[in-house]
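Below are the structure tokens for one structure; questions will follow.
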Amino acid sequence: MTAPSIRNVSEREARQVAEAAREQDWRKPSFAKELFLGRFRLDLIHPHPTPAVDDVRRGEKFLATLRDFCETEIDGARIEREGQIPDETVNGLKELGAFGMKIDPKYGGLGLTQVYYNRALALVGTASPAIGALLSAHQSIGVPQPLKLFGTKEQKETFLPRCARTDISAFLLTEPDVGSDPARLATTAVPDGTDYVLDGVKLWTTNGVVADLLVVMARVPASEGHKGGITAFVVEADSPGITVENRNAFMGLRGLENGVTRFHQVRVPAANRIGPEGAGLKIALTTLNTGRLSLPAMCVGSGKWCLKIAREWAGAREQWGRPVAKHEAVGAKISFIAATTFALEAVVDLSSQMADENRNDIRIEAALAKLYGSEMGWLMADELVQIRGGRGFETADSLAARGERAVPAEQMLRDMRINRIFEGSTEIMHLLIAREAVDAHLSVAGDLIDPDKTLADKGRAAAKAGGFYARWLPKLVAGPGQLPRTYQEFGQLAGHLRYVERASRKLARSTFYAMSRWQGRMETKQGFLGRIVDIGAELFAMSAACVRAEYLNETGEHGREAQQLADVFCRQARIRVEELFGRLWTNTDELDRKVVHGVLDGSYTWLEEGMIDPSGDGPWIADATPGPSRTDNVRRPIR
């Protein structure tokens with residue numbers, strides 16, 4: 001049953017809302033954007049940017065303190081067993097300053113750079129992924145980041161000191177029937193004097209069960225003196241009318257304080273509005289430009305742990321007279337984990353340093369890092385379970401009970417699975433990145449495929465597009481990747497960068513051909529767009545791996561080993577890229593669509609016979625009708 005409060009919107013309206021929330025301009029260069037356009041701008045990432053000496057000193061000092069805390073004060077097994085982070089652990093992290101890592105010191109925070117914030121999350125996330133999620137949700141998308149970017153002086157002075165040391169924040173956007181389509185947002189914020197009155201229900205509120213402060217997205221109705229639209233607010237979690245109706249439980253991240261929150265006639269001062277009315281989605285997306293980097297950072301930490309366990313276990317476990325690591329089938333998995341961990345760390349560190357320097361627009365880089373990190377992180381965890389065999393499927397407690405090392409490989413797999421959904425599912429990330437990747441095309445030729453444009457508009461667009469493509473297309477024919485001595489300063493890795501340059505131009509040609517072929521139907525070709533984005537992600541990762549290896553080689557830090565890892569990674573990635581290029585035009589997309597139609601119209605229900613459905617009764621989507629709560633408040637503030 002669908003809640004009567006849910007807004008019914010057309011597909012066109014949904015697209016318009018999403019488009020209006022996008023950052024429309026590119027005021028700074030973007031390596032990834034250029035890559036999708038067939039322009040390999042190595043100069044934007046090489047030489048590898050480096051952090052300031054003082055930033056390194058403060059960052060390394062905190063990492064040492066945090067490592068000691070993780071080793072002595074965090075009991076990951078207990079959190080998994082009890083499904084809750086102990087209050088004393090949370091309070092210890094507060095005293096450490098871990099809740100204020102990204103907050104300016106003038107507000108009581110540590111003021112760490114994005115690079116060291118991400119390294120801290122990678123570290124703490126290996127001790128307990130639930131704690132990593134707690135800290136990330138609080139700082140990457142909770143109150144501190146949107147206030148840092150869009151808050152007033154008074155808002156910063158009021159809320160940031162609390163977030164730095166005492167208060168936990170949460171971000172509330174999703175609703176029972178609203179996920180990645182914000183045009184359907186049903187929670188309302190009705191102006192009333194100097195306040196707004198909030199009504200609605202929010203789902204999957206990470207940190208929401210224990211939060212002191214909330215960032216809430218709600219729809220302000222348009223009226224005299226009010227522009228209206230989706231708007232962001234800072235809300236005190238203990239305000240009258242707020243009820244945490246349920247603490248949700250998941251297959252992984254069992255210590256996650258994630259719930260369902262109902263707002264009924266909740267009064268919020270207008271002074272707590274972040275930015276103007278109607279700017280809520282733009283604020284959310286801008287916040288995520290760097291906020292998304294926290295997730296792949298924790299995937300890096302997971303990859304490092306997978307590598308350590310794979311090395312130790314596969315060297316100790318023997319089969320047929322030798323360690324299993326020396327059997328090619330297992331060794332290939334270990335090589336994949338090692339090479340991918342190196343590349344993913346290169347992607348995250350490079351993107352983070354560019355975010356700190358603020359000289360590049362990294363919205364695509366951050367999105368690619370999230371997409372690539374979540375997919376590769378899951379694969380590495382899955383391969384570790386396979387390497388461990390039956391022990392990979394067995395719980396850590398069970399292993400310990402029979403006298404073996406308590407290795408939580410199956411827990412890692414469960415904990416990592418959500419990353420392909422958190423902060424934009426893989427499918428949504430494909431569409432988001434694809435939209436940015438074809439922005440240059442739509443800016444010059446968009447009116448040609450817009451059915452609402454007049455013939456005069458289309459004529460002007462045709463002239464504009466003709467000029468753009470006359471200059472752009474010839475540059476895709478040949479480039480430095482075809483010259484045998486290009487990028488020679490990279491030594492054995494030069495060939496991989498030449499490949500990236502050639503593949504970048506091929507990627508751009510493929511995109512242009514697809515737009516010419518499908519025009520306005522391009523947006524429906526989600527399989528094609530997903531493969532285009534996946535190719536771009538691989539090319540970005542190859543570039544980052546080569547640049548990082550060269551940087552480590554120049555600084556004398558494991559340079560030879562780094563080049564070997566980068567070389568192996570690039571060879572593995574090239575195989576994946578070639579497969580993706582082939583699948584651009586040779587695939588089952590059309591046949592899949594026909595089968596889906598058959599499934600939905602009931603043509604294959606006979607195939608479902610012979611099984612028992614263990615699902616319980618109830619609606620697919622819970623009723624989210626506004627009104628007073630009928631359940632107990634399960635909010636659990638930590639003091």
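Identify, by number, the condition in (1) open to solvent by less than 60 Å² (accessible area, probe 1.4 Å); (2) modelled with pLDDT under 95; (3) in a helix (DSSP H, G or I); (4) not aromatic (Phe, Trp, Tyr) that Pro29 doesn't meet.
Going through the list (1) open to solvent by less than 60 Å² (accessible area, probe 1.4 Å); (2) modelled with pLDDT under 95; (3) in a helix (DSSP H, G or I); (4) not aromatic (Phe, Trp, Tyr), Pro29 breaks only (3).
Out of the residues in region 389-404 meeting the condition of being open to solvent by 70 Å² or more (accessible area, probe 1.4 Å) and assigned to a helix (DSSP H, G or I), tell me which one is farthest from Trp305 (Cα to Cα).
Ala401
Separate question: Please determine whether any residue of region 534-549 is part of a helix (DSSP H, G or I), under 12 Å from Ala434 (Cα atoms) and open to solvent by 10 Å² or more (accessible area, probe 1.4 Å).
There is at least one residue in region 534-549 that is part of a helix (DSSP H, G or I), under 12 Å from Ala434 (Cα atoms) and open to solvent by 10 Å² or more (accessible area, probe 1.4 Å).
Would you mention how many residues in region 412-429 are open to solvent by 30 Å² or more (accessible area, probe 1.4 Å) and not in a loop (DSSP other than H, G, I, E, B)?
The number of residues fulfilling the criteria is 7.
Turning to a different aspect of this structure: Taking region 301-346, which residues are of a type outside the set (Ser, Thr, Tyr), within 20 Å of Cys546 (Cα to Cα) and in contact with a Gly (Cβ under 7 Å, 6 or more places away or on another chain)?
Residues satisfying the conditions are Gly303, Ile337, Leu344.
Would you check which residues across region 259-278 are surrounded by 17 or more Cβ atoms within 10 Å (Cβ to Cβ), of a type outside the set (Ser, Thr, Tyr) and not in a loop (DSSP other than H, G, I, E, B) and list them?
Gly259, Val260, Arg262, Phe263, His264, Val266, Val268, Asn272, Arg273, Ile274, listed by residue number.
Now a separate question. Taking region 256-284 on its own, how many of its residues are under 24 Å from the mean Cα position of the chain (by Cα) and of a type in the set (Asp, Glu)?
Number satisfying all stated conditions: 1.
Still on this model: In region 217-258, what count of residues is obtained for those that are touching a strand residue (DSSP E or B) at 6+ places or on another chain (Cβ under 8 Å), closer than 30 Å to Ala127 by Cα and open to solvent by less than 60 Å² (accessible area, probe 1.4 Å)?
7
For region 480-495, give me each residue that is buried (at least 22 other Cβ atoms within 10 Å of the Cβ) and assigned to a helix (DSSP H, G or I).
Leu493 - this is the single residue of region 480-495 that is buried (at least 22 other Cβ atoms within 10 Å of the Cβ) and assigned to a helix (DSSP H, G or I).
Okay, next question. Of all the residues that make up region 148-167, how many are over 17 Å from Thr287 (Cβ atoms) and not in a helix (DSSP H, G or I)?
2
Between residues in region 129-143 that are part of a helix (DSSP H, G or I) and residues that are of a type in the set (D, E, K, R) and surrounded by 24 or more Cβ atoms within 10 Å (Cβ to Cβ), which pairs lie under 6 Å by C-beta distance while being six or more apart or on different chains?
Pro129/Asp415; Gln139/Lys102
Here is a further query. Looking only at region 311-347, how many residues end up being in a loop (DSSP other than H, G, I, E, B) and either of a type in the set (Phe, Trp, Tyr) or open to solvent by less than 50 Å² (accessible area, probe 1.4 Å) (or both)?
Residues meeting the conditions: 2.
Turning to a different aspect of this structure: Taking the conditions exactly as written (part of a helix (DSSP H, G or I) and either surrounded by 20 or more Cβ atoms within 10 Å (Cβ to Cβ) or under 24 Å from the mean Cα position of the chain (by Cα) (or both)), does Ser504 satisfy them or not?
Criteria met by Ser504.
Could you check region 149-168 and list, in sequence order, the residues that are at pLDDT 95 or above and within 19 Å of Ala270 (Cα to Cα)?
Result: Phe150, Gly151, Thr152, Lys153, Glu154, Gln155, Lys156, Glu157, Thr158, Phe159, Leu160.
Check whether at least one residue in region 84-99 is closer than 25 Å to Val268 by Cα, assigned to a helix (DSSP H, G or I) and either open to solvent by less than 20 Å² (accessible area, probe 1.4 Å) or touching a residue at least 60 places away in the same chain (Cβ under 8 Å) (or both), and report yes or no.
Yes, region 84-99 contains at least one residue that is closer than 25 Å to Val268 by Cα, assigned to a helix (DSSP H, G or I) and either open to solvent by less than 20 Å² (accessible area, probe 1.4 Å) or touching a residue at least 60 places away in the same chain (Cβ under 8 Å) (or both).
Related question: Would you point out which residue out of Thr261, Thr290, Thr340, Thr286 is in contact with a Lys or Arg (Cβ under 6 Å, 6 or more places away or on another chain) and polar (S, T, N, Q)?
Only one candidate qualifies: Thr261.
The values are calculated or read from the model by the stated rules, or taken from the named source; none is laboratory data. These numbers come from a predicted model, not from an experiment. Every residue, glycine among them, receives a Cβ derived from its backbone with ideal geometry; neighbour counts consider all protein chains shown. Note: accessible area is taken over every heavy atom of the protein model, side chains too, but ligands, DNA and RNA are not part of it. Shrake-Rupley method; radii C 1.70, N 1.55, O 1.52, S 1.80 Å.
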